[in-house]
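Student: My questions will all concern the structure given below.
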Amino acid sequence: MTDLTSLGVKDIRDGVRSGTFTAREVATSFNAAVADAAALNAFIVTTPDHALAAADKVDAARAAGEPLGAMAGVPIGMKDLFATNGVQTTAASHILEGFIPRYESTVSQKLWDAGAGMLGKLNLDQFAMGSSNETSYFGNVSSPWRKSGTNQPMSPGGSSGGSSSAVAARIAPAATGTDTGGSIRQPAAFTGICGIKPTYGRCSRWGIVAFASSLDQAGPMARSVEDCAIMLGAMAGFDPKDATSLQMDVPDWEAALNSDLRGKKVGIPREYRMEGTDQAILDSWEQGKAWLKDAGAEIVDISLPHTRYALPAYYIVAPAEASSNLARYDGVRYGLRDLPDGSGLQDMYAATRAAGFGDEVKRRILIGTYVLSAGFYDAYYTQAQKVRALVARDFERAFEQCDVILAPTTPTASFPLGSMNEDPLTMYLNDVFAVPASLAGLPAMSVPAMCNEDGLPLGLQLVGRPFDEQGVLNAGLAIQQRAGFSARPEKWW
Ligand code: GLN
């Protein structure tokens, strides 16, 4: 029998439907692979029983001739930012350590309703703040990839680095991610997998630990465009519990996949040719253009003139919202409480937050509080909101000339863990190509293109019009078919 852990979402779903193997066999194989991969530190907790129980339900439904859901028999990893009923949910923080929600996030519930099971809760950057998975209270996540000829631990990207590491290592066929300013796309690019952030509002934010509410979006991470289309279909949909949820039907993205791009225009934003971008990344971008042309698309030059202001604006808007969202962690309601002897309420707040938040989270809270303070609000926050509107307008204008935009996902390939920690600004630069689409709320995807000379994967990014996930997925599929990306990390864990 084929090694079940080499299969993706579609193959597992189809194999379970046709009876080639049972959902229990699949869950058992992945549970074993997860248990064997502790060295990656991709999971904060594992939940093999959840995966098995979900599988047994699917097998029983099949035996009874009942219809099976879109994710039937597929065990997945759940980023530990999604509240899961009865299973610890920490956002990779000390302050939420031991927090066991009594409710389920909308997105995870939809996945269980579609027949998926949970292998465990995936590690991430603390409160989803980071680009390397080094800010987790539960330790760094290692990428399964290594530079050829070395054994230095590499970053799986962040913040969804547990998700990217697990999917690339084939200990999970797919995982959930969240993307506030690149956290699905950048880790997908670093690990040679696919990930799509849908249009803002497609996936409910209800039950996801909030980072920056006007930017946060959930999305799937998997090894193929088809798998992402299937899983996104199961995650998306209107939710009255999220005030910014889109009241729109969820299209059948899988059924409408089509890599024939004749009649489509692909925009190449000239401002994305930035200094500091690796030559290999620029080469892969050129190659991407050639692939899309080969698929029938016309390539057009476009301009997104406010691109260089997007990252600075993001690092005002996101911390501002985070500082407000994180005010709820005060030692009163959830997780950690540090109440020094004989102290009062204020002391408890201070001690709990000092002990419970990591340095990067504290940095964001300080920045956010500063830019929202009375004296600086207009100079920073209002200004950043104006820039955000300009960035969104750039895209609106560009989409008058093209249907989808092609750009690199990141300026470099993955880097060794520990090599970028000196200066937070260099770390922030990782998301320079990802953040503009986040500010504009647009659907955007990363698809693996090739490996660089060190044998590390590089991703290409596709950005679409609002609600046009299909256009993004179709262009992604055209790249996937031509790239034929089949490299996989050698097992060392
Ligand atoms: N790396 C970015 C940050 O640290 C984006 C994180 C994210 O998308 N959650 O804010």
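Student: Helix check for the chain. Which DSSP H runs span at least 30 Å along their own axis by Cα, with a mean Kyte-Doolittle hydropathy no less than -1.0?
Tutor: Details: long enough: none.
Answer set is empty.
Student: Using 1/(1 + (r/R0)^6) with R0 = 41 angstrom and r between the beta carbons of residue 286 and residue 333, what's the FRET efficiency to the nearest 0.05? Please list the in-between numbers first.
Tutor: Details: r = 52 Å, r/R0 = 1.28.
After rounding, the FRET efficiency stands at 0.20.
Student: Express in nm, to one decimal, how much length is gained between residue 248 and residue 102 on full extension, taking 0.36 nm for each residue of separation and deducting their alpha carbon distance.
Tutor: That works out to 49.7 nm of additional length.
Student: Using a 1.4 Å probe, what is the accessible area per residue for region 140-192, in Å²? Walk me through the numbers on the way to the answer.
Tutor: Working: 820 Å² over 53 residues.
Per-residue value: 15 Å².
Student: Can you tell me, using C-alpha contacts under 8 Å and at least 6 residues apart, the relative contact order of region 443-491 as a whole percent?
Tutor: 40
Student: With Cβ to Cβ distances under 14 Å as the rule, what net charge do the other residues near residue 359 carry (K, R +1; D, E -1)?
Tutor: In short, -1.
Student: Let me ask something else about it. Efficiency by 1/(1 + (r/R0)^6): what FRET value for residue 63 and residue 378, r their Cβ-Cβ distance, R0 = 60 Å, to the nearest 0.05?
Tutor: On the way: r = 65 Å, r/R0 = 1.08.
Efficiency for this residue pair is about 0.40.
Student: As a quick test, which of the pairs 57/121; 293/491; 197/386 have an alpha carbon distance above 25 angstrom in this structure?
Tutor: 293/491
Student: Multiplying the sequence separation of residue 425 and residue 45 by 0.36 nm and subtracting their Cα-Cα distance, what value in nm do you get? Present the calculation step by step, with values, prior to reporting the outcome.
Tutor: Details: separation 380, 0.36 × 380 = 136.80 nm, distance 3.13 nm.
Residue separation times 0.36 nm, minus the Cα-Cα distance, leaves 133.7 nm.
Student: May I ask you to give the percent of accessible area on the chain that is carbon plus sulfur, with a probe radius of 1.4 Å?
Tutor: Accessible surface attributable to carbon and sulfur in the chain totals 50 percent.
Student: Please give the calculated 222 nm ellipticity per residue for the chain, where each DSSP H segment of at least 4 residues contributes -39500 (n - 2.57) and the sum is spread over every residue; nearest 500 deg cm²/dmol?
Tutor: -11000 deg cm²/dmol
Student: Moving to a separate point now. List the residues, sorted by chain then number, that are 5 or more residues from residue 79 or on another chain and whose placed amide H is less than 5 Å from its amide H.
Tutor: Hits under the 5 Å cutoff: 122, 176.
Student: Taking GluC sites (Glu not before Pro) as candidate sites, keep only those in a DSSP loop with at most 11 other Cβ atoms within 10 Å, then name the longest stretch of the chain containing none of them.
Tutor: Details: sites that count: 275, 400, 422, 453, 490.
That gives 1-274 as the longest site-free run.
Student: Give, as a single signed number, the net charge of other residues whose beta carbon lies under 14 Å from the beta carbon of residue 428, with Lys and Arg counted +1 and Asp and Glu -1.
Tutor: Around residue 428, the charge tally is -3.
Student: With a Förster radius of 35 Å, plug the Cβ-Cβ distance of residue 366 and residue 294 into 1/(1 + (r/R0)^6) and report the FRET value to the nearest 0.05. Each step should come with its number before you reach the end.
Tutor: Details: r = 49 Å, r/R0 = 1.41.
Calculated transfer efficiency: 0.10.
Student: Could you tell me the relative contact order of the chain? Use alpha-carbon pairs under 8 Å, at least six residues apart, and round to a whole percent.
Tutor: 18
Student: Also, quick follow-up: Leaving out ligands and nucleic acids, and using a 1.4 Å probe, what accessible area per residue does region 2-52 come to in Å²?
Tutor: Solvent-accessible surface per residue comes out at 42 Å².
Student: Taking only C-alpha pairs under 8 Å that are 6+ residues apart, what is the relative contact order of region 233-392 in percent?
Tutor: It rounds to 21 percent for region 233-392.
The values are calculated or read from the model by the stated rules, or taken from the named source; none is laboratory data. Keep in mind that what you see is a predicted model, and the values were worked out from it rather than measured. Glycine also receives a Cβ, built like all others from the backbone with ideal geometry; neighbour counts cover every protein chain displayed. Each accessible area value is taken on the protein alone, full model and side chains, heavy atoms only, with ligands, DNA and RNA left out. Shrake-Rupley method; radii C 1.70, N 1.55, O 1.52, S 1.80 Å.
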